[in-house]
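Data block below; observations after.
The values are calculated or read from the model by the stated rules, or taken from the named source; none is laboratory data. No experiment lies behind these values; they were computed from the predicted model shown. As a convention, Cβ positions derive from the backbone with ideal geometry for all residues, glycine included, and neighbour counts pool all protein chains shown.
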C-alpha cells in the first residue's frame, strides 16, 4: 500500500503553515516562528511559535472509497505566544494575540490541504477540521509574557489499496 497525497504528513505540515501564514502573518501582521525554519528572537517584540507536536488518536475508516483505505487522524498543533515585556506597553498583549489566533482556529474551522509533495499549491485535495482545544493557558513568565494554545485537527489520512 502506498500513501496517496491525502495521506502524507508533509502535506499537512505545509498546508497548516500556509493557513497560518495567510491568516496570522499576511492578514494580522504577526511574526511566526515555524518549526524547522531559522528564526532570530533577539530583535522581536513579539512572536508566535507554531509546531505540530505529533499525531493523536487514530480511528480506522472502512471503505473510504473504492481505491483507498483510511483513518481519521488527530494532528496536535501548538502555538506558543511570546511578548517581550521590555518592548510592550500592554500587559495583556499575549491575551490579545491569543484571542486573534483562537478566532482562526475555532472548533469546526476547516484548513485547506494541498498536495505540496507534488508541487500543487492551488488545488484543495481535502480539509483538516479543528476538532478540539487541547490547551489554552498562560505560561510562567520570565522576560516575556507567554501563552500556549494547542488544537486537535482531524484529518482523513488515506493510502491506496
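Look at (1) modelled with pLDDT of 90 or more; (2) buried (at least 17 other Cβ atoms within 10 Å of the Cβ); (3) more than 20 Å from residue 110 (Cβ to Cβ) and you find that residue 78 fails only one, number (3). Suppose the filter is assigned to a helix (DSSP H, G or I), within 20 Å of residue 75 (Cα to Cα), out of contact with any strand residue (DSSP E or B) (no Cβ under 6 Å at 6 or more places or on another chain) and at pLDDT below 90; does residue 10 pass it? In short, yes.
Looking only at region 18-31, residues that are assigned to a helix (DSSP H, G or I) and in contact with a helix residue (DSSP H, G or I) (Cβ under 9 Å, 6 or more places away or on another chain) come to 6 in all.
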